[in-house]
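Structure first, then comments.
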Amino acid sequence: MAYDKFTVLIDTAVPLPTENVDTDQIIPARFLKATEREGFGDNLFRDWRYDVEGNPKKEFVLNDSTYSGKILVAGKNFGSGSSREHAVWAIYDYGFRCVVSSFFADIFKNNCLNIGVLPVTVSPEFADKLFAAITADPKTEIEINLPEQKITLLSTGESESFDINEYKKSNMQNGFDDIDYLLSMSSEIDVFAASR
Amino acid sequence: MEKTTLFDKIWDSHVVRHVPAGPDVFFIDKHFIHEVTSPVAFLNLEKRGISVKYPYRTIATPDHNVPTVDQDQTIKDKLSRMQVEKLRENCKKYGIELHDLGSAHHGIVHVIGPELGVTQPGMTIVCGDSHTSTHGAFGAIAFGIGTSEVEMVLATQCIMQSKPKKMRISVEGELGKGVTSKDIILYIISKISAAGATGYFVEYAGSAIRNLSMEARMTICNMSIEMGARGGLIAPDETTFNYLKGRQYTPKGEDWEKAVAYWKTLKTDEGATFDKEYQFDAADIEPMITYGTNPGMGIKVKDRIPTTEGMEGSNKTTYLKSLDYMGFQPGEPVKGKLVDYVFVGSCTNGRIEDIRAVAEFVKGKKKADNITAWIVPGSREVEKMAHEEGLVKILEEAGFELRQPGCSACLAMNDDKIPAGKYAVSTSNRNFEGRQGPGARTMLASPLTVAAVAVTGRITDPREVFEN
């Protein structure tokens with residue numbers, strides 16, 4: 001479905017430097033039983049966030065009130081494993097609008113783009129700078145500028161450009177999704193299908 | 001003429017339109033759906049007021065959350081029941097073929113697709129499940145998609161995809177005794193890491209791959225996603241054609257001949273180039289097992305867990321966090337460690353050949369007292385064959401508990417959960433934290449290694465049990 005438009009986001013960020021965070025950690029399988037898209041945020045990182053009795057684990061970053069914001073800065077190979085889009089629904093439902101990492105798993109990245117969460121890939125060096133700046137001062141603001149394809153650490157002015165294809169960029173800026181595009185070429189698909 | 005790869009041939013023939021500075025509009029021949037990743041897609045179709053474009057190109061089965069006991073009764077878990085009922089409702093409403101619980105071809109979606117002969121060379125196949133890569137064993141482009149894309153396929157039979165880069169992984173030579181295709185893929189992932197093929201689509205080649213059965217090839221392609229690849233495929237050959245011949249959905253008579261003639265053209269041209277190539281020697285591969293919390297953390301059963309030498313920063317922290325979760329120390333051997341559960345099943349190793357291998361190994365033996373042994377066939381068809389071949393009797397005499405088909409303890413969405421802190425050696429595909437239940441500690445291995453562990457109660461190299 002059409003989603004929020006994304007242009008420029010300036011906000012503080014939540015750091016999660018752990019590497020290889022798979023989608024089973026983002027949303028464990030036992031919470032995939034809903035038949036609607038809303039409400040997954042409560043179980044985002046469930047088993048890292050809560051103990052077996054459901055008490056918050058103090059050491060986990062989402063339970064640390066010094067960190068907040070719509071940007072999640074994550075370790076490399078974020079979102080590996082299962083194709084469950086529920087992982088991105090949980091991230092969105094919790095309140096994040098952008099995930100920054102030096103490396104994303106493929107399906108996860110596609111899923112992000114398909115629901116309007118912007119995945120920003122930065123160099124490992126820039127990711128390290130972000131982690132260091134955020135932990136030194138949790139009030140550090142980061143600017144994500146989609147039209148200019150630029151991410152800036154506002155405290156120091158250091159920035160880096162990021163890649164996104166023109167088609168997806170335009171979709172994100174306008175809040176369009178792929179189905180709108182595909183439905184507009186229905187007869188072309190019919191002709192193709194008839195040949196198969 | 002331009003030299004192209006098998007992957008190029010299939011991909012390029014399915015592009016409806018190239019979007020300038022964007023992805024390809026990619027046509028999907030066959031679409032599998034299950035109860036967990038499809039309900040929101042159908043809900044969104046309704047919100048948009050549109051229907052399913054080609055219902056006959058989609059096939060459904062409930063597998064992820066279903067109980068593996070009493071499948072003839074109403075599902076007790078309310079949320080699971082609602083998802084399965086939603087699937088039934090949606091299939092009925094849109095005229096989609098459903099292989100429901102209890103029917104002759106119910107099972108894990110990636111097991112029944114090939115069994116029915118729906119999966120064929122040259123096709124494009126997707127499903128809202130990352131292990132859709134399994135179908136690549138037939139020389140198809142098959143990969144997992146998210147729910148938004150499930151909706152796209154239902155609505156338009158297309159998705160928008162950027163063409164991945166190409167990788168070839170060749171394994172040459174003969175496999176040693178006690179070494180299976182599961183060991184090949186765990187070995188490859190341990191060498192190139194859990195993210196080593198991200199951005200790529202893999203072609204598996206070489207004599208060691210060509211000599212594998214279809215079941216064994218499916219195990220390899222199944223785990224392509226575990227090194228980050230979108231999918232993996234193997235060129236179709238006589239082994240493929242023999243497997244497919246006479247199955248329910250494969251062409252018959254003259255159409256069969258025509259299909260085979262086309263399928264024979266589906267191979268990588270000599271001299272075609274890949275973006276990346278790896279070569280491995282089959283003789284270097286031995287029984288493998290994972291010791292950590294991603295499938296790249298694998299070693300030979302006889303080896304020690306790697307030390308932290310050379311690691312620093314978040315890499316080292318992540319590694320130690322993983323070992324801490326598993327209750328292991330860097331540098332220690334895994335062999336001889338006590339185990340609590342063994343699980344034989346899943347879309348990776350829940351086919352008849354896997355059950356045969358386990359049964360042959362444990363015949364006349366008993367499982368160790370400290371082991372709870374679950375065996376979950378991938379489909380009703382596999383279950384039926386296991387009964388007919390006398391395998392169930394052998395397994396039950398050895399102390400294994402046979403359950404009904406489904407994804408089961410591979411992802412523990414149903415009641416088949418490994419308790420917190422317990423060790424399970426599993427034939428499935430993921431050893432992530434909590435994958436087999438909150439706090440469960442999973443070690444991935446081949447059906448043979450799992451059988452050896454069941455008998456000894458400890459991490460064991462299956463070749464040592466053969467020798468005794």
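What does the charge count near B:Thr4 come to, summing +1 for each Lys or Arg and -1 for each Asp or Glu among other residues with Cβ under 14 Å from its Cβ?
-1
How would you order B:145-154, A:180-189, B:53-62 from highest to lowest mean count of nearby Cβ atoms within 10 Å?
By packing density, highest mean first, the sequence is B:145-154, B:53-62, A:180-189.
Work out the charge dipole of the protein assembly as shown with +1 on the Cβ of Lys and Arg and -1 on the Cβ of Asp and Glu about the Cα centre, then indicate which of B:Thr74, A:Tyr50, B:Val301 is farthest towards its positive end.
Result: B:Thr74.
Arrange the following residues from fewest to most other Cβ atoms within 10 Å of their Cβ: B:Ser80, A:Ser123.
Fewest-to-most Cβ neighbours within 10 Å comes out as A:Ser123, B:Ser80.
Quick one: net charge of A:Lys169's neighbours, Cβ under 11 Å, K/R +1, D/E -1?
Once positives and negatives cancel, what remains is -2.
Restricting to chain B, compute how many DSSP beta bridges are antiparallel as a %, nearest 5.
Within chain B, antiparallel bridges account for around 25 percent of the total.
When the helices in the protein assembly as shown are scored as -39500 (n - 2.57) per DSSP H run of 4 or longer and the sum is shared across all residues, what 222 nm value do you end up with, to the nearest 500 deg cm²/dmol?
-9500 deg cm²/dmol
Starting from the amide H of B:Gly231, placed 1.01 Å from N in the peptide plane, find each other amide H under 5 Å away whose residue is 5 or more places distant or on another chain.
B:Val202
Can you give the relative contact order of chain B as a percent, counting alpha carbon pairs under 8 Å and 6+ residues apart?
After rounding, I find 17 percent.
Counting Lys +1, Arg +1, Asp -1, Glu -1, what net charge surrounds B:Pro287 among other residues with beta carbon under 11 Å of its beta carbon?
Charge balance near B:Pro287 sits at +1.
For peptide B:75-83, compute the average count of partner chain beta-carbon atoms within 10 Å of each residue's beta-carbon.
2
Note down the magnitude of the dipole of segment B:6-276 about its Cα centre, charges +1 on Lys and Arg C-beta and -1 on Asp and Glu C-beta and zero elsewhere, to the nearest 20 debye.
Computed charge dipole of segment B:6-276: roughly 420 debye.
How much of the DSSP bridge set in the protein assembly as shown is antiparallel, in percent, rounded to the nearest 5?
Roughly 35 percent of the beta bridges in the protein assembly as shown run antiparallel, per DSSP.
Which whole number gives the average count of other chain Cβ atoms within 10 Å of the Cβ atoms across peptide B:264-277?
0
Quick one: helix A:124-136 against the long Cα principal axis of chain A, what's the angle to the nearest 10°, folded into 0 to 90?
Roughly 50 degrees, rounded to the nearest 10.
Would you work out which of A:Leu153, A:Ala193, A:Tyr181 lies farthest towards the positive end of the dipole of chain A, given +1 charges on the beta-carbon of Lys and Arg and -1 on that of Asp and Glu, about the Cα centre?
A:Ala193
Work out the mean other chain Cβ neighbour count within 10 Å for the residues of B:431-438 and drop it here as an integer.
Mean number of neighbouring Cβ atoms from other chains: 5.
Among A:Phe162, A:Phe104, B:Phe466, which comes first, second and so on when ranked by fewest other beta-carbon atoms within 10 Å?
Going from least to most buried by this count: B:Phe466, A:Phe162, A:Phe104.
Compare the peptides A:111-117, B:398-404, A:28-34 by average per-residue count of other Cβ atoms within 10 angstrom and give them in order, highest first.
Averaged packing, sorted descending, gives the order A:111-117, A:28-34, B:398-404.
Taking the number of other C-beta atoms within 10 Å as the exposure measure, put B:Thr219, A:Thr12 in order starting with the fewest.
Fewest to most other Cβ atoms nearby, the residues stand as A:Thr12, B:Thr219.
What distance in nm separates the simple spin-label points at A:Asp128 and A:Asn55, each placed 7 Å from Cα in the Cβ direction?
Label-label distance for A:Asp128 and A:Asn55, simple model: 3.8 nm.
Amide H neighbours of A:Lys76 under 5 Å, counting only residues 5+ apart in sequence or on other chains, H built in-plane at 1.01 Å?
So A:Lys76 has HN proximity to A:Asn20, A:Ser102.
With θ taken as phi - 60° and the coefficients 6.51, -1.76 and 1.60, list the Karplus ³J(HN,Hα) couplings across segment B:21-31 in order, rounded to whole Hz; mark glycine and proline as x.
Computed from phi, the couplings for segment B:21-31 are 6, x, x, 8, 7, 10, 7, 10, 6, 9, 10 Hz.
Karplus couplings for segment B:84-100 from phi (6.51 cos²θ - 1.76 cosθ + 1.60, θ = phi - 60°), rounded to Hz, Gly and Pro as x?
After applying 6.51 cos²θ - 1.76 cosθ + 1.60, I find 5, 5, 4, 4, 4, 4, 5, 5, 5, 4, 9, x, 9, 5, 10, 9, 7 Hz.
Pick out, from B:Thr460, B:Ser379, B:Ala412, the residue whose Cα sits farthest towards the positive end of the charge dipole of segment B:344-468, with +1 on the Cβ of Lys and Arg and -1 on the Cβ of Asp and Glu.
Ranked along the dipole, the leading option is B:Ala412.
Among all the aspartates and glutamates, which ones have a C-alpha under 19 Å from A:Lys57's C-alpha, if same-chain residues fewer than 8 places away are not counted?
Within the straight-line limit of under 19 Å, A:Lys57 reaches these aspartates and glutamates: A:Asp24, A:Asp42, A:Asp47, B:Asp324, B:Glu433.
Normalised by the residues of segment A:8-194, what does the relative contact order come to in percent, with Cα pairs under 8 Å and at least six apart?
It rounds to 23 percent for segment A:8-194.
If I model a spin label at B:Ala261 and B:Tyr325 as a point 7 Å from the Cα along the Cα→Cβ vector, what separation in nanometres do I get?
Taking the simple label geometry, B:Ala261 and B:Tyr325 are separated by 5.4 nm.
Taking chain A as the reference, fit the longest principal axis to its C-alpha atoms, fit the long axis of helix A:106-115 to the helix C-alpha atoms, and give the angle between the two in degrees, 0 to 90, nearest 10.
Once rounded, one gets 80 degrees.
So what J values fall out for segment B:449-454 if you push phi through Karplus, 6.51 cos²θ - 1.76 cosθ + 1.60 with θ = phi - 60°, rounded to Hz, Gly and Pro as x?
3J(HN,Hα) across segment B:449-454, in whole Hz: 5, 4, 4, 5, 5, 4.
Run the dipole for chain B about the Cα centre, Lys and Arg Cβ at +1, Asp and Glu Cβ at -1, nothing else charged, and hand back the magnitude in debye, nearest 20.
640 debye
Read-outs: derived from the displayed coordinates by stated rules, not from any lab. Every value quoted in this text rests on a predicted model; they were computed, and no experiment measured them. Cβ sites come from the backbone with ideal geometry, for glycine too, and all protein chains shown count toward neighbours.
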